[in-house]
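The structure under discussion appears below in the form of structure tokens.
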Amino acid sequence: MKPLRTLVVVHTSLLPPDSLEGYSDKEIAEWRTEYDVVSTLRAAGHEVQTLGVLDSLTELRAALIDWKPEVVFNLLEEFNGIVTYDQHVVAFLELMRAPYTGCNPRGLLLSRDKVLCKQLLAFHRIPTPQFAVLRRRQRFTIPRRLRLPLFVKSATEDASLGIAQASVVDDVAHLRERVQFMHEQIGSDALVEEYIEGRELYVGVLGNERLTRLPVWEMRFGSLPESQAAIATRKVKWDRAYQRRYDITTRAAEELPPAVLQRLDRLSRRIYRALHLSGYARIDFRVRADGSIFMLEANANPNLTGDEDFAESARAAGLDYPALLERIIVLGRGYRAEWRNFDG
């Protein structure tokens, strides 16, 4: 790919430095994705500018008009602290007729709203755990059609925010307590699902119309005590010391029966298209011992840190990290946004 004027859009607090020197591991972890993307694009010869966005699009508009980037590499995951508003920033990019990487506004809307996502997938007969929504400022009612144990999470937040061992509940008292925590501490409606025991598998997908399924990756919970539920809590996903203590890793899924692998491939493609995703995404599944598969979540614009599961999965498919970012740029520049129908 020829060098491109590339505007990397990030949260204001995550503007990366030019070097890792002098920073602690904890500090680096905050903006590691942003650093990996920016430094890799620069090393590949692209002319890169970074722009922090918090609660205004004025600077973004000025950058698009004055600098005229050939692509916007979108790493923004919220706007003014609201996760579901990232889709509006991408919609703004479309209004400005700026090519961008990652998912389109419709796909972000459908995948970020976990309740709407599950309702849509139920329409398409894609297996997901039975669920109920317990909304804020409404009287607590027991979802009687659901069987214990239950898993309680935010209806909108991602990155495992609010997910802990206490998220898996075995009785009504703990259910009430966890729902109250979700309402008051996380500030979102509570999505209550039947808890699915089994292997946790991640399927990366690249593409717009034509899709490429990356090798299936697995969250391995190592020596986590049997008294604890094998779930991707916030500590499991982000606490490096905790991961080392219990040998928690993500790696290529081994010994998957061919029928399960074939069904994961087919389901991930169906989900990607049903949710109108584009660019790249990661679909999370649980697979029971009997081979039955349940879709947990669809993650548009998943973590792009160089050593996280999406990049590792791409590497296993023959795409090293620079090549992965190049592929994402090609997909972004090739996405047929509505304005392209008028520009030819």
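The values are calculated or read from the model by the stated rules, or taken from the named source; none is laboratory data. What you see is a predicted model; the values in this text were computed from it and never measured. No Cβ is skipped: glycine too gets one built from the backbone with ideal geometry, and neighbour counts run over all protein chains shown. Heads up: the accessible areas ignore ligands, DNA and RNA and are worked out on the full protein's heavy atoms, side chains in. Shrake-Rupley method; radii C 1.70, N 1.55, O 1.52, S 1.80 Å.
The table for this structure:
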| quantity | calculated |
| --- | --- |
| Percentage, to the nearest whole number, of Cα pairs in the chain over 24 Å apart | 57 |
| Normalised contact order of segment 69-134, rounded percent, pairs of Cα under 8 Å and 6 or more residues apart | 27 |
| Where ARG244, ARG336, ARG199 fall by accessible area, highest first, once all protein chains stay in place (1.4 Å) | ARG244, ARG336, ARG199 |
| Normalised alpha carbon radius of gyration of segment 1-72 [divisor 2.2 N^0.38 Å] | 1.16 |
| Rg/Rg_globular for segment 154-305, with Rg_globular taken as 2.2 N^0.38 Å and Rg from C-alpha atoms | 1.08 |
| Mean-position separation - Cα centroids, segment 278-300 and segment 1-71, in angstrom | 30 |
| Per residue, in Å², the accessible surface of the chain once ligands and nucleic acids are set aside, probe 1.4 Å | 49 |
| Relative contact order (percent, whole number), segment 225-344, Cα cutoff 8 Å, 6+ residue spacing | 16 |
| Accessible surface of the chain [probe 1.4 Å, protein heavy atoms]: carbon and sulfur percent | 49 |
| When the convex hull of its Cα atoms is projected in every direction, mean area for segment 170-230 (nm²) | 7.0 |
| Restricting segment 85-130 to trypsin sites (Lys or Arg not before Pro) in coil, as DSSP defines it, with at most 13 other Cβ within 10 Å | ARG97, ARG125 |
| For segment 1-122, radius of gyration divided by Kirkwood radius, i.e. Rg to Rh on alpha-carbons | 1.00 |
| Dimensionless Rg ratio for segment 192-276, taking C-alpha atoms and the 2.2 N^0.38 Å reference | 1.26 |
| Relative contact order, percent, segment 1-114 [alpha-carbon distance under 8 Å, six or more residues apart] | 31 |
| As computed over segment 71-221, the Cα convex hull volume per residue (Å³) | 152 |
| Cα radius of gyration and Dmax for segment 217-344 (Å) | 17.1, 60 |
